[in-house]
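The next block holds one structure in the form of structure tokens; read it before the comments.
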Number of protein chains: 2
Amino acid sequence: MEYFNCIALKEAEQLIVNKLDGLIVGSEQVSLVEALGRIVAEDVVSKEDLPPFSRSTVDGFAVRGMDTFGAGEGVPALFDIVGEVAMGQQTDVQLKPGQAVTIPTGGMLPMGADAVVMLEHAERPDSSSLLVLKAVAPGENVVVKGEDISAGRHLLHQGQKILPQDIGALAACGCAAVLVRQKPEVVIISTGDEVVDVACTPVSGQIRDINSYALAAMLEDAGCIVKRYGIVKDQYEDLLAALSQAVNRCTMIVVSGGSSVGVRDHTVRVIKELGKSDVVFHGVAIKPGKPTIFGMIGKVPVFGLPGHPVAAMTVCSQIVKPAIQILLGQMIKDVYTIPARMLRSMASVPGRDDYIRVQLIKKANEYWAEPVLGKSGLISTMSAADGIVHIAADKGGLYSEEMVQVELITKQ
Amino acid sequence: MEYFNCIALKEAEQLIVNKLDGLIVGSEQVSLVEALGRIVAEDVVSKEDLPPFSRSTVDGFAVRGMDTFGAGEGVPALFDIVGEVAMGQQTDVQLKPGQAVTIPTGGMLPMGADAVVMLEHAERPDSSSLLVLKAVAPGENVVVKGEDISAGRHLLHQGQKILPQDIGALAACGCAAVLVRQKPEVVIISTGDEVVDVACTPVSGQIRDINSYALAAMLEDAGCIVKRYGIVKDQYEDLLAALSQAVNRCTMIVVSGGSSVGVRDHTVRVIKELGKSDVVFHGVAIKPGKPTIFGMIGKVPVFGLPGHPVAAMTVCSQIVKPAIQILLGQMIKDVYTIPARMLRSMASVPGRDDYIRVQLIKKANEYWAEPVLGKSGLISTMSAADGIVHIAADKGGLYSEEMVQVELITKQ
């Protein structure tokens, strides 16, 4: 007795992509200290060469490399020291053959010099002479102007997530601000007559509002500003009022609970009422997470998630987060997965995408994936898991010792 | 010509552990919505059973499982429907043999019932009778009181980082607030006469303050509150003044630059002056990052990091972040690494820990690690890398096609 027609996960993903086409969020300028983790809104190109001048990478003596050729411990090459480059100072020295200047790490190479002899490969018989005990090739111990980042080079590409090392590259090139995507504002609504707030002690038959807290944490992690709208009763009018209010004030709405058959499916009715019939799908062939709803109210996507916390979190991770990435225009990098061997076999129903929670065990430089036991609705199975193994719809299960790819759910 | 005595990385790590012993930061109570990513300060034990009552996991009919034994499509078992469990309501029904009640997903199991027949495995000839077409075992389609999380069970352990799924478990058990470690306050000081702020256009010989931005991003990511103290000139008095001020207002100080030999080693002198000679080490046998300083000013650890951005970020990741974890009392989970094959061989100096930056390339379900070319000081090599391969001090290098473990530096 199926009230809804399940569609395949791939089809659901494609429908979401189609519906969200053109709905990318706006952009805003943020300073470098606020840029970490944000999504780049337009390509950033370096206007400058880095380094802006050729620079020594060691403490030593700037020379013309060819003047040192043939030098060695027994046959030192003699140089005149004609000056000193001070840190952070421009130098006007023009190096002639047989001349050297002292230079610190990071110091600007004088004109004419193309290599630096390290302190430990030189001797100074007096203050104006230098004996070089080891030859240096042109370019040795030097970073040439523009060698790190040349003017015109792309520092960041549109859609990229900004990481600490990118902050470094932006700072290096003088980008004190960067244009990023605004954070999507997501309203989370919990539904259910049986749901009470976390601070309450449930009386018999009631359960606490787990989902809006867990989903809020996941969506904040995904770069959203989350607004928790609290708990709405299982009344059509109440849900209609909550969504009517939310839809003008957010980028996306996530309704938790209320999407299974037994619980009243007011979410579908409200989307139909407010969105002029735009329920895109109701039911996806994934486990856990089948009773998932997706619809549009105008330009605002609405997801109806299962009430079971594990199902809700799985759908949030596999369906809602990718939708957030579309809204952010986020370039989807391959998610790195950990190759592991199944510790036991797992059956699966063909035609359905299964997500099983596993613990990772390291044995002799190899990981083994052990399915977390327990019924799928148990929240404790989620917190005990290190990662998720996806059994694709065209597979009937996994064999013991089969190699699988584990997507980590624990952040490091 | 070595101005400082290098010690092995392992020795450096042990010295840090010893010096930070007992310096764990204080704790504070935060609400559940603020708890994501924080470090648990004391074990959290569930005071309640979850679920607090035995509950149906499907829409259907609560029965005594044994009453259905032998039932099948051809031989239905007949039940009297004696009531309905409403969602979120306590039920007073006492189920007798041959009786059933309708129950929604999540509904509370009445006394006497121990299993639930799914809607699709039953027929209702009339409103008060039920034909069960498939037997259910006791416990089937039911989550028993306390089956998910039993009272007294540890939800979180001291030192654990709180993840979204943990927020779910806390919410489930009514923990609306949780005791976490305070965020360490880290002061970052950039030194160098040649260093100018990011917003400035460097004149010849100057470079922008890359490190304090990149390090700030890394340390925020590690759970710190970062205070950037700006750029201090290479004058002993200036650095002394900056550190004197900082030391009373923070948990840790990171001085970027000023730790190589050519640049004046005022950091060491200042630690000696303020910390009464407590320079613990100066120079670690790692590459990049050799001229790393660690000392204590009273109870405040001070790290002097190399001026080169890549070296500074490597030391921050390999030495400073673990120190932060010690201050946070953070349980160190095994960092998951990606097994990969080296695409080319890499030489290394035995006795030194090398960290090489690699790009990961996926070929036929296997990752290959390609070292990022370019001199080690180039910031562009950092932003081009996907991960880091560690060549331990007892190895002379890596062979082409050798299996290595890649620590990811890109967040997903």
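The values are calculated or read from the model by the stated rules, or taken from the named source; none is laboratory data. These numbers were taken from a predicted model, which means no experiment stands behind them. Quick reminder, even Gly has a Cβ in these numbers, built from the backbone with ideal geometry, and neighbours come from all protein chains shown. Accessible surface is based on the protein model in full, side chains and every heavy atom, while ligands, DNA and RNA are left aside. Shrake-Rupley method; radii C 1.70, N 1.55, O 1.52, S 1.80 Å.
Values computed for the structure shown
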{"item": "Test: residue in the range A:83-97 that is among the hydrophobic types (A, V, I, L, M, F, W, C), away from chain B (no Cβ under 14 Å) and buried (at least 22 other Cβ atoms within 10 Å of the Cβ)", "result": "yes"}
{"item": "Breaking point among (1) within 8 Å of another protein chain (Cβ to nearest Cβ); (2) surrounded by fewer than 19 Cβ atoms within 10 Å (Cβ to Cβ), for B:Ala169", "result": "(2)"}
{"item": "Neighbours by Cβ (under 7 Å, 6+ apart or cross-chain): first from the range B:240-257, assigned by TED's automatic domain parsing to the domain that holds B:Ile319 and closer than 16 Å to B:Lys272 by Cβ; second open to solvent by 30 Å² or more (accessible area, probe 1.4 Å) and part of a helix (DSSP H, G or I)", "result": "B:Leu240/B:Glu273; B:Leu243/B:Leu274; B:Ser244/B:Leu274; B:Val247/B:Leu274"}
{"item": "So B:Gly230, is it open to solvent by less than 40 Å² (accessible area, probe 1.4 Å) and under 18 Å from B:Tyr213 (Cα atoms)", "result": "yes"}
{"item": "Which numbered condition B:Ile409 misses (of (1) within 26 Å of the chain's Cα centre (by Cα); (2) over 28 Å from A:Met403 (Cβ atoms))", "result": "(2)"}
{"item": "So B:Ser204, is it touching a strand residue (DSSP E or B) at 6+ places or on another chain (Cβ under 8 Å), more than 21 Å from B:Ser31 (Cβ to Cβ) and touching a residue at least 60 places away in the same chain (Cβ under 8 Å)", "result": "no"}
{"item": "Top-ranked residue in the range B:310-333 [being assigned to a helix (DSSP H, G or I) and open to solvent by 20 Å² or more (accessible area, probe 1.4 Å); ranked as nearest to the other protein chains (Cβ to nearest Cβ)]", "result": "B:Ser317"}
{"item": "In the range A:245-259, residue modelled with the lowest pLDDT [restricted to those that are touching a Gly at 6+ places or on another chain (Cβ under 8 Å) and among the polar types (S, T, N, Q)]", "result": "A:Ser259"}
{"item": "Of all residues in the range A:194-206 being more than 7 Å from every other protein chain (Cβ to nearest Cβ) and under 13 Å from B:Met87 (Cα atoms), the one that is surrounded by the fewest Cβ atoms within 10 Å (Cβ to Cβ)", "result": "A:Val196"}
{"item": "Unmet requirement for B:Val300, which otherwise passes all of (1) open to solvent by less than 10 Å² (accessible area, probe 1.4 Å); (2) closer than 30 Å to B:Val40 by Cα", "result": "(1)"}
{"item": "Check on B:Val117, of a type in the set (Val, Ile, Thr), more than 8 Å from chain A (Cβ to nearest Cβ) and out of contact with any helix residue (DSSP H, G or I) (no Cβ under 8 Å at 6 or more places or on another chain)", "result": "no"}
{"item": "Boolean, B:Ala242 is open to solvent by less than 30 Å² (accessible area, probe 1.4 Å) and within 28 Å of B:Gly26 (Cα to Cα)", "result": "yes"}
{"item": "Counted residues, the range B:384-406 - those being within 12 Å of chain A (Cβ to nearest Cβ) and within 23 Å of B:Pro291 (Cβ to Cβ)", "result": "2"}
{"item": "Checklist (1) open to solvent by 20 Å² or more (accessible area, probe 1.4 Å); (2) assigned by TED's automatic domain parsing to the domain that holds B:Tyr399 applied to B:Asp278, failing item", "result": "(2)"}
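Residue-wise test of (1) touching a Lys or Arg at 6+ places or on another chain (Cβ under 7 Å); (2) assigned to a loop (DSSP other than H, G, I, E, B).
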position: A:Phe53; (1), (2): yes, yes
position: A:Phe61; (1), (2): no, no
position: A:Met66; (1), (2): no, no
position: A:Val75; (1), (2): no, yes
position: A:Phe79; (1), (2): no, no
position: A:Gly83; (1), (2): no, no
position: A:Ala86; (1), (2): no, yes
position: A:Gln90; (1), (2): no, yes
